[in-house]
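Some notes on the structure that comes next.
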Amino acid sequence: MAPVRHFLAIPDLSREEIVALLDLATRMKRGEYVEKPLAGKTLGMIFAKSSTRTRVSFEVGAYQLGGHALFLSARDIQLGRGEPIRDTARVLSRYLDGIMIRTFDHADVEELARYGSIPVINGLTDLLHPCQVLADLLTIRETAGSWDGKAIAWIGDGNNMANSWLNAAGALGFELRLACPAGYQPDRKIVERNGALTRVLLTTDPEEAARGAHVINTDVWASMGQEEEQEERARAFRGFMVDAKLMGMADPRAVFLHCLPAHRGEEVSEDVIEGPQSRVWEQAENRLHVQKALMATLMGAA
């Protein structure tokens, strides 16, 4: 029996596997893939953090692949009442064919995968958001043809998205520029590991990161669970809004990405997110396609 494959972080896939996954997602998006590899199978979706795009895209995707998705909030299962993760992992592995989990501590996802005997997909942790970056890579490939030879700029918090962009840059070899305020840099170990693999610029100057970039990418300044830091972060991130002036410093064909939800007037201006360079809605749709490709690959042997 082949070993169980999990998807907890971008480096869980080789460069060739990432490309193959995006190729499959493209076929699915075009309607060229009609197989039902999840027929008779169930994906358990554990949500310690609520979500619009993650829940809807995984649930719809499982259905379109012939399977069933089961929503499990932390309040609805014994995890929320102190059951050890390893116990939950071993029990759910006897009921389900795969697990998607969206939670706070990345170590919880690693433990779930370690003790489970079915594929585990990281739907988001405070450390990483790999499914979103897969969707973003698909969006870049659709827009620019490839990430090869491109410079991608991240403007804002050095959060789970920034960390996952670092992992993607290390895996695929494109140039990544991260502009983050002092004290809000990405995970140091992730920076060091991927900085040894590709060109990574870490700066506190958004203009330095944006100049000539082919993709300008941002996220909210205060993520879920950081609401009490909103005012403090608003002060720290002053000058980090992606507006028309900043976009004007990028390559003329540059596109704007945002993983949503967006706070217009904070991290992005209205005219940018609604403007002609925005690919935010295609990016959101692509969550469905890449996650279908992931489920088909991990759960259905596509």
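The values are calculated or read from the model by the stated rules, or taken from the named source; none is laboratory data. All values derive from a computational prediction rather than experimental measurement. Cβ: placed from backbone, ideal geometry, glycine included. Neighbour counts: every protein chain shown.
Within segment 267-299, being more than 21 Å from the chain's Cα centre (by Cα) and either in the same structural domain as V120 (by TED's automatic domain parsing) or assigned to a loop (DSSP other than H, G, I, E, B) (or both) holds for S269, E274, G275, P276. Within segment 162-180, being of a type in the set (A, V, I, L, M) and touching a helix residue (DSSP H, G or I) at 6+ places or on another chain (Cβ under 8 Å) holds for L166, A168, A169, A171, L172, L176, L178, A179. What about R15, is it surrounded by fewer than 19 Cβ atoms within 10 Å (Cβ to Cβ), among the basic types (K, R) and within 22 Å of A89 (Cβ to Cβ)? Considered against the rule, which asks whether it is surrounded by fewer than 19 Cβ atoms within 10 Å (Cβ to Cβ), among the basic types (K, R) and within 22 Å of A89 (Cβ to Cβ), R15 comes out as no.
The residues of segment 247-267 that are more than 18 Å from G145 (Cα to Cα) and of a type outside the set (K, R), listed by number, are M247, G248, M249, H258, C259, L260, P261, A262, H263, G265, E266, E267.
Only one entry in W147, W165, W221, W154 is within 17 Å of the chain's Cα centre (by Cα), crowded, with 20+ Cβ neighbours inside 10 Å and modelled with pLDDT under 95, namely W221. From the list F71, F104, the one residue that fits, being of a type outside the set (D, E), surrounded by fewer than 21 Cβ atoms within 10 Å (Cβ to Cβ) and not in a strand (DSSP E or B), is F104.
Conditions tested, residue by residue: (1) assigned to a loop (DSSP other than H, G, I, E, B); (2) free of Cβ contacts under 8 Å to residues at least 40 places away in the same chain; (3) more than 17 Å from the chain's Cα centre (by Cα).
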| site | (1), (2), (3) |
| --- | --- |
| P11 | no, no, no |
| E17 | no, yes, no |
| L22 | no, no, no |
| T26 | no, no, yes |
| K29 | no, no, yes |
| V34 | yes, yes, yes |
| P37 | yes, no, yes |
| G40 | yes, yes, yes |
| M45 | no, no, no |
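Does K36 count as outside the structural domain of L166 (by TED's automatic domain parsing) and surrounded by fewer than 15 Cβ atoms within 10 Å (Cβ to Cβ)? Against the criterion (outside the structural domain of L166 (by TED's automatic domain parsing) and surrounded by fewer than 15 Cβ atoms within 10 Å (Cβ to Cβ)), K36 qualifies. Taken over segment 261-284, the criterion of being touching a residue at least 24 places away in the same chain (Cβ under 8 Å) and within 23 Å of L21 (Cα to Cα) is satisfied by R279, V280, E282, Q283, A284. Go through (1) crowded, with 21+ Cβ neighbours inside 10 Å; (2) part of a helix (DSSP H, G or I); (3) assigned by TED's automatic domain parsing to the domain that holds M247 and name the single condition L112 misses. Result: L112 passes all but (3).
Out of L176, L201, report the one residue that is buried (at least 20 other Cβ atoms within 10 Å of the Cβ), out of contact with any Cys (no Cβ under 9 Å at 6 or more places or on another chain) and aliphatic (A, V, I, L, M). First the steps, then the outcome.
Values: L201 fails: buried (at least 20 other Cβ atoms within 10 Å of the Cβ).
Within the list L176, L201, the selection yields L176.
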